[in-house]
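Coordinate-derived values only; no laboratory data. As the structure is a computational prediction, the values presented were derived from the model and not from experiment. Neighbour counts are summed over all protein chains in view; Cβ atoms, including those assigned to glycine, are modelled from backbone coordinates with ideal geometry.
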Amino acid sequence: MTPTRILVLNSGSSSVKYQLLDMADGKRLAVGLAERIGEDTSALTHHPLGTGGDKRRHECRLADHDAALKAVAGELSADGIGLDSPELAAIGHRVVHGGLRFTEPTLIDDAVLKEIERLVPVAPLHNPANITGIRTAQRLRPDLPQVAVFDTAFHSSMPEHAARYAIDVRTADEHRIRRYGFHGTSHAYVSRKTAELLGKDPSEVNVIVLHLGNGASASAVRGGLCVDTSMGLTPLEGLVMGTRSGDIDPAVVFHLGRVAGMGTDEVDELLNKRSGLVGLCGENDMREIRRRIDEGDAAAKLAFDIYIHRLKKYIGAYYAVLGTVDAVVFTAGVGENAAPVREAAVAGLDQLGLAVDAELNTAPGDAARLISPASARVKVGIVPTDEELEIAEQTYALVTAR
Ligand code: ADP
């Protein structure tokens, strides 16, 4: 029997999200989340989709990632789909930063792990957690192929003029300072699905992808290749996000140091955790922001307007970068669900051939679909992202090609 199952792990500093998929039919056998690892209130939520069983939630202390993954393995075993199963082909890991070296899914060995470690200075929050997840999974199944799928990989096709910052070249090169971009797995998946939705090959279409989740990024994709994206050296650059400022004059950092005596770590925390929608109105959930706007809340309205203004600037910028655009697509939590965001983001862009049909935009649905009027020159769509499926597909393709 050829093994066809892939376990996808997305390890954060205090959480592990996982999905077990069977690539024979693309079906999900189980999904789950271990959260607040290391705290007293940790919990494991496990949903055995393959058996149609009920979601199980255990509130139990998960001291570290090792304990968390063992608990996950226990849940999978209880459903008869444990990690010791001969049907498991590989484990695919989401790794946030692949630097310049990793532009493809990569089979993990000691040298690869060392290189991911070497990238910790450019991804201090994410790569250490990803490494912990990989090491833990290796201990559980040392014989199994483990594959790293990098958030930065899809953006490695960006030309130098989009990837470089206009700063002293030697300083930039010495410290590996350039624009890497993130959410690449989602941008790759969504841009490909958009081509499918248009009935074309990815090489034939130019797409602007707006990934609007708690983190948010835009990308310009020409003929299946990313030519620009809004996140940079770190995920801080670009769009207004749930808690991140996105683009800001870098002099704000020096200014805060001088006038407020804030150290770099404090400013880092301010811009990454206490900015964006949360910084502007105390709330990062778009549903709640819309509810407050409906009640006449001025701070929520201003936060929404700033969010939309930035989004519109990126649509315009990427339109100019691409020259011709076949589709603008919305994805992730906000992009897939918030009709007012989609409507406002393209409002007034008719001269660019962009418009949404009010009815299509507000109609419920969870399939990839177009929401522009039939006559629209540029299609506007909603394409639900599926990063786990993309990681599983890339992992499976790599291990079956060996
Ligand atoms: P993450 O970046 O954490 O993966 P998601 O893509 O899951 O985030 O997006 C989470 C965000 O999506 C929430 O913070 C919320 O603002 C937004 N969201 C989720 N559901 C809805 C909805 N029904 N309407 C509007 N916004 C929503």
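Here are a few things to note about the model shown:
- Backbone N within the range 82-123 under 18 Å of label point (7 Å from Arg135 Cα along the Cβ vector): 93-97, 108-123
- For the pair Glu196 and Ala401 in one chain, pulling the backbone fully straight at 0.36 nm per residue adds 71.4 nm over the alpha carbon distance.
- Percent of beta bridges antiparallel (DSSP, the chain, rounded to nearest 5): 65 percent
- Eigenvalues of the alpha-carbon gyration tensor of the chain, scaled by 5 and square-rooted, set the equivalent ellipsoid semi-axes at 33, 26, 23 angstrom, largest first.
- Rounded Å value of the spacing that divides the Cα centres of the range 101-126 and the range 195-254: 22 Å
- Once C-alpha pairs closer than 8 Å and six or more residues apart are averaged by separation and normalised to the residue number of the chain, the relative contact order reads 14 percent.
- The C-alpha atoms of the chain define a longest principal axis, and helix 298-322 lies at about 90 degrees to it.
- Violating pairs (Cα-Cα greater than 30 angstrom) within the set Lys273/Lys379; Lys200/Lys301; Lys17/Lys193: Lys273/Lys379; Lys200/Lys301
- Nearest 10 degrees, 0 to 90: helix 387-400 Cα axis against the chain principal axis: 50 degrees
- Sorted on the mean count of surrounding Cβ atoms within 10 Å across their residues, most packed first, peptides 186-195, 258-267, 112-121 read 186-195, 112-121, 258-267.
- Helical content alone sets the calculated 222 nm signal of the chain at -11500 deg cm²/dmol, taking -39,500 (n - 2.57) per DSSP H segment of four or more residues and averaging over every residue.
- In a fully extended conformation the segment linking Val169 and Asp366 would gain 66.4 nm over its present Cα-Cα distance, using 0.36 nm per residue.
- Using the Cβ-Cβ distance between Phe254 and Met1 with R0 set to 60 Å, the FRET efficiency works out to roughly 0.45.
- A viscosity of 1.567 mPa s and a temperature of 4 °C, combined with the Kirkwood radius over Cα pairs in Stokes-Einstein, give a translational diffusion coefficient for the range 249-402 of 71 µm²/s.
- A simple spin-label model places pseudo-atoms 7 Å from Cα toward Cβ; at Asp109 and Ser85 they are separated by 2.9 nm.
- Ordering 166-174, 144-152, 27-35, 221-229 by mean Cβ neighbour count within 10 Å, with the highest value first, yields 144-152, 221-229, 27-35, 166-174.
- Helix 264-273 axis, angle to the chain major axis (alpha carbon atoms, nearest 10°): 90 degrees
- Given R0 = 41 Å, the distance between the Cβ atoms of Glu288 and Arg377 translates into a calculated FRET efficiency of 0.70.
- Among Val96, Ile131, Thr171 the positive-end extreme of the charge dipole of the range 66-216 (Cβ point charges): Thr171
- By average C-beta atoms within 10 angstrom, highest first, the peptides 298-304, 54-60: 298-304, 54-60
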